[in-house]
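Since the structure comes first, as structure tokens, the remarks are kept for the end.
What follows draws every value from the coordinates through simple rules; no lab data is involved. Fair warning: this is a prediction, and the values are worked out from it, not measured in the lab. Glycine also receives a Cβ, built like all others from the backbone with ideal geometry; neighbour counts cover every protein chain displayed.
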Amino acid sequence: MSGKDCNPSYPEQYSILYVDDEPDLLNTGKCFIEKTEGFKVHTISSAIKALECSDLLIYDAIVSDYQMPGMDGITFLKEVRKRYKDIPFILFTGRGREEIVIEAINNGANYYVQKGGDPVSLFVELVHKIRLAVDHNRANNQISRLDEYQKKLATAMNLINVVSWECDAVSHIFTFDDRFFAMYGTSADREGGNQISTDQYVKDFIHPDDREYVLSEVRRVFKNPDPQAVTYIEHRIIRRDGEVRNILVGTGIVRDANGCIIRTYGANQDITERIKTELALKRAYRQINLLTRVTRHDILNNLSVLYMQLDAARTNCPDSHFNEYLKKMEDVVDIIQSRIEFTRIYQELGAEKPSWISLSSILPDSDSSITISYEPIICTISILVDPLVKTIFDIFLDNSKRHGEHVKDIKIMAKESENTLLIIWEDNGVGISDNEKNQIFEQGYGKHTGLGLFLVKEILFLTGISIQETGIFGSGARFEILIPKGSYRFNL
């Protein structure tokens, strides 16, 4: 190529820039080198033109003559090293003086090849030196990248307080990294090296009350047939200074070609501060719950007294005009009572872990005024939800009766798509107007307490389930519950 064409794009394995002021030699060299599979040579007639290229790093290596007008090969080499550091550079020249060779090597040339003799042998040697230089450079770059990755990984592990280890399944010997011993309040020197037997580790570091649990979990790891499985175990350790800490251990296994376990590996994370925080939150939660229960109990007692006083006032004051005021007061008390009851339900929300619950077991039954029917598939579905999920369908039924005006039939259906399951509650009442469809799930919105559908949304949200109303106004309400994959299953 010419010196103007300095940005070629080739997919070859070895892209070489060949610089020489002799056109015939450039063409001959290009021809010979490109006979080797995977090599592509780009030629240019002077070092000055080569340096005018935007970026010589597009090449895997540079081959340069020594004696050229304007800038010789050594000066060119110095400029390349100054600008591009470690790109492979081979000096290819007819000058064989020892001082040139020494100067070339001292300034960073990877190899020196002297022109002359049989052309075939000459270019075979040149190709060999190019390959050596490029492969060595690539290996060094990979090592540098790995070193950088290891530094970043070590920094990340330090930030999250994680240490690594591996264990030989035959000899039952642990090998730890240096940071491992720091977590345990000791050092490799004190322990006699970076290796320790599993029996010694259990005896010296695992809390006595947790040893049997840890050993049983380890046996379970060895029985797991899944080669990709990672098992997590939480337990306590006792450091060399006597301090008890909590750790989370992640363990994987390595098998040989016959499926036999030959090695286990893993990482330990100190989770002591997390455990302390969780315990503090639990204590605070218990205190808040106690205060809330006592306060709610007192308010409900006072409301009971207020109800009795209102009833007595109505009995002793038959005046109809006065009774209208009493009725308004009673309506306000009803709202207060319903909201106090809402705080009880909302307080229980998330108090227990989500569990698998059969959908059919939480659906309401038909009564004298409304017929409830559902598709057979409903009986096969279980969903991962908060235990308060039964409240959802009780609220749906109450809304249908209270606001549907003439609801007689309710249908419950299920439709599965690729990644979701749709549970549908549909009645034949008046439905919900378009401008209210998004508002009905907001706290305080509605004709009654304004809390029912808000609670529905909150219960479902705990396990990543969403809800929307899609019915046609005048034809009935239609609530669609969208359950993501992993939060539903079909029972056999």
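Using only Cα atoms, tell me the angle between helix 119-159 and the longest principal axis of the chain; keep it within 0 to 90° and round to the nearest 10.
30 degrees
Given the options Thr198, Val385, Ser121, identify the residue whose Cα lies farthest towards the positive end of the charge dipole of the chain (+1 on Cβ of Lys, Arg; -1 on Cβ of Asp, Glu).
In the chain, that residue is Thr198.
Taking amide H atoms as placed 1.01 Å from N in the peptide plane, list the residues 5 or more away in sequence, or in a different chain, whose amide H sits under 5 Å from that of Gly431.
Those lying under 5 Å, H to H, from Gly431 are Gly474, Gly476, Ala477.
To the nearest 10 degrees, how steeply does helix 23-34 sit against the main Cα axis of the chain, on a 0 to 90 scale?
The helix 23-34 is inclined about 50 degrees to the chain.
Give the Rg/Rh ratio for the stretch 14-143, taking Rg as the radius of gyration of the Cα atoms and Rh as the Kirkwood radius, to two decimals. All intermediate terms of the calculation are to be shown ahead of the outcome.
Working: Rg = 13.4 Å, Rh = 14.5 Å.
On the Cα set of the stretch 14-143, Rg over Rh gives 0.92.
Which of the peptides 315-323, 133-141, 16-24 is most tightly packed, and how do the rest follow, going by the mean number of other Cβ atoms within 10 Å of each residue? Write down the numbers at each step before the final one.
Values: 315-323: 9.6, 133-141: 14.3, 16-24: 19.0.
Final packing ranking: 16-24, 133-141, 315-323.
In whole Hz, with x marking every Gly and Pro, tabulate ³J(HN,Hα) for the stretch 416-425 from phi via Karplus 6.51 cos²θ - 1.76 cosθ + 1.60, θ = phi - 60°.
With coefficients 6.51, -1.76 and 1.60, one gets 9, 10, 4, 10, 9, 10, 9, 9, 10, 10 Hz.
Nearest 500 deg cm²/dmol is fine: what mean residue ellipticity at 222 nm does the chain get from its DSSP H runs of n ≥ 4 alone, each adding -39,500 (n - 2.57), divided by its residue count?
On the way: 13 runs with 208 residues, N = 492.
The helix contribution divided over the chain gives -14000 deg cm²/dmol.
Would you calculate the separation in nanometres between label points at Gln287 and Ser417, each defined as 7 Å from the Cα along the Cα-to-beta-carbon direction?
Here the modelled spin labels are 4.7 nm apart.
Taking the Cα atoms of the stretch 276-348, report the difference between the largest and smallest coordinate on each principal axis, in whole Å and largest first.
63, 16, 12
Mind checking the angle between helix 211-223 and the chain's longest principal axis? C-alpha axes, 0 to 90 degrees, to the nearest 10.
Long axis of 211-223 versus the principal axis of the chain: about 70 degrees.
Using just the C-alpha positions of the stretch 205-315 as equal point scatterers, what log10 of I(q)/I(0) does the Debye formula give at each q in 0.15, 0.16, 0.18 1/Å?
-0.82, -0.88, -0.98
To the nearest 0.05, how large is the calculated FRET efficiency for Ala313 and His406 if R₀ is 30 Å and r is the Cβ-Cβ distance? Walk me through the numbers before you get to the answer.
Details: r = 36 Å, r/R0 = 1.21.
Approximately 0.25, to the nearest 0.05.
Report, by chain and number, residues whose modeled amide H sits under 5 Å from the one on Ile206, excluding near sequence neighbours (fewer than 5 apart, same chain).
Correct list: Ile238.
Past the 26 Å Cα-Cα mark, which pairs from Lys353/Lys485; Lys49/Lys129; Lys40/Lys85; Lys151/Lys203; Lys457/Lys485?
Lys151/Lys203
How many percent of Cα pairs in the stretch 355-490 exceed 17 Å?
Working: 5227 of 9180 pairs.
Roughly 57 percent, rounded to a whole number.
What is the distance in Å between the Cα centroid of the stretch 261-308 and that of the stretch 380-454?
When both Cα centres are located, 30 Å separates them.
Sticking to Cα atoms, compute the Rg of the stretch 59-202 to one decimal and its Dmax as the biggest Cα-Cα distance, whole number, in Å.
Calculated on Cα positions, Rg and Dmax stand at 25.0, 75 Å.
To check my understanding: the extent here is largest minus smallest coordinate of the Cα atoms along each principal axis. What are those three numbers for the stretch 161-270, in Å, largest first?
Largest to smallest, the principal-axis extents are 43, 27, 24 Å.
What Rg and what Dmax come out for the stretch 400-461 when only alpha-carbon atoms are used, in angstroms?
Rg, Dmax (Cα atoms, Å): 13.3, 38.
Amide H neighbours of Glu234 under 5 Å, counting only residues 5+ apart in sequence or on other chains, H built in-plane at 1.01 Å?
HN-HN under 5 Å from Glu234: Val249.
As an exercise, take the mean of 1/r over every pair of distinct alpha carbons in the stretch 276-315, invert it, and state the Kirkwood radius in angstroms.
Numbers: mean 1/r = 0.0819 Å⁻¹.
That comes to 12.2 Å for the stretch 276-315.
Pick out, from Leu421, Thr470, Ile432, the residue whose Cα sits farthest towards the positive end of the charge dipole of the stretch 342-492, with +1 on the Cβ of Lys and Arg and -1 on the Cβ of Asp and Glu.
Leu421
How large is the Rg to Rh ratio of the chain when both quantities use alpha carbon positions and Rh follows Kirkwood? Working shown, then result.
Values: Rg = 39.3 Å, Rh = 31.8 Å.
We get a ratio of 1.24 for the chain.
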